[in-house]
Amino acid sequence: MKFLTDFGDSAVLLPLSMVVLVWLLATRPFAMAIWWGGALLFLGGVMGGLKILFFACPPAADIMSPSGHTGFSLVIYGGLAVIIAAELRSNRRKAAVILAAVSLVVGIARSRVALEMHTTLETVVGFAIGAVALTTFSIGYLRVPVKRRQTAFLLIGVIATIAVFYGSELNPERKLHALSGLLDLQRLFCPR
């Protein structure tokens, strides 16, 4: 399970998000990079905000922190699947790419539960937030027909980035937990 969960760590996903951004800026209309950045900002803002709030005042016993691994993985791997599938002609190949991305994200989500890092509900909430962000990017990206096929460079960047960063860990959750205490949100939002 640790093998799967490491694909969803911010230490891997943040550099991957930059690889996609640079590739979009280099090969696609600027608006596509804006859609990508907007999806990432939405995900980070909502996920970070809920983590801070839920640390102070959990809405239920089994939800203390939405799964960032799950939500961020859905945006990154799902976004890559959208980009790659948009360039494929065969519906079978498109379906295979999308299925592979969904399988990886579901595997990451299940690993978070199996490793007791999150509850099932926390991974569902993370998935939902990621799905909204991915849908936002997908709508913007698929609006413009792609004429140039250049995903080989993107795939090389993705593989190289995973090879370099896989196994590294970032833990933004500790900082968000500290920020929650610093802001004294429990006093502001939790009923007594």
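The numbers here are math on the coordinates, done by the rules we state, and not lab data. Since the model is a prediction, treat every value here as computed from it, not as a measurement. Neighbour counts are summed over all protein chains in view; Cβ atoms, including those assigned to glycine, are modelled from backbone coordinates with ideal geometry.
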ask   = Can you sort Phe137, Phe7 so the residue with the fewest Cβ neighbours within 10 Å comes first?
value = Phe7, Phe137
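Determine the gain in length on full extension of the stretch Lys2-Leu25; use 0.36 nm per residue of separation and subtract their C-alpha separation, reporting nm with one decimal. Could the numbers behind the result be given before it?
Details: separation 23, 0.36 × 23 = 8.28 nm, distance 3.33 nm.
Residue separation times 0.36 nm, minus the Cα-Cα distance, leaves 5.0 nm.
Ser103 to Asn91: extension gain in nm, 0.36 nm per residue of separation minus the Cα-Cα distance? Write down the numbers at each step before the final one.
On the way: separation 12, 0.36 × 12 = 4.32 nm, distance 1.79 nm.
Here the segment from Ser103 to Asn91 would lengthen by 2.5 nm.
Report the relative contact order of the chain, percent, no decimals, based on alpha-carbon pairs under 8 angstrom and at least 6 residues apart. Display every interim value, and only then the final one.
On the way: 239 pairs, mean separation 73.8, N = 192.
Computed value for the chain: 38 percent relative contact order.
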remark   = Exposure-ranked with fewest Cβ neighbours within 10 Å first, Glu116, Glu87 stand as Glu116, Glu87
task = Would you mind ranking Lys51, Lys2, Lys94, Lys147 by Cβ crowding within 10 Å, fewest neighbours first?
result = Lys147, Lys2, Lys94, Lys51
note = If one builds a Gaussian network model of the chain from Cα atoms under 10 Å apart, the most fluctuating residue listed among Thr151, Thr123, Thr70 is Thr151
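Calculate the dipole size of the chain relative to its Cα centre from +1 charges on Lys and Arg beta carbons and -1 charges on Asp and Glu beta carbons; express the result in debye to the nearest 20.
760
Between Met18 and Ala60, what FRET efficiency follows from the Cβ-Cβ distance if R0 is 45 Å, with the result rounded to 0.05?
Values: r = 35 Å, r/R0 = 0.78.
Here the calculated transfer efficiency is 0.80.
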message = Report the gain in length on full extension from Ala11 to Tyr166: 0.36 nm times residue separation, minus Cα-Cα distance, nm rounded to one decimal.
response = 55.0 nm
inquiry  = Can you match Cα extents along the principal axes in Å to one of these, (i) 59, 33, 29; (ii) 46, 37, 35; (iii) 48, 41, 23, based on a calculation from the structure here?
reply    = (i)
task = With a length cut of 30 Å (Cα positions projected on each helix's long axis) and a Kyte-Doolittle mean of at least 0.0, go through the chain and give me the DSSP H helices that pass.
result = 30-56, 91-114, 120-143
query = Lys pairs in the chain, Cα-Cα under 29 Å, at least 8 apart or on separate chains: how many?
reply = 5
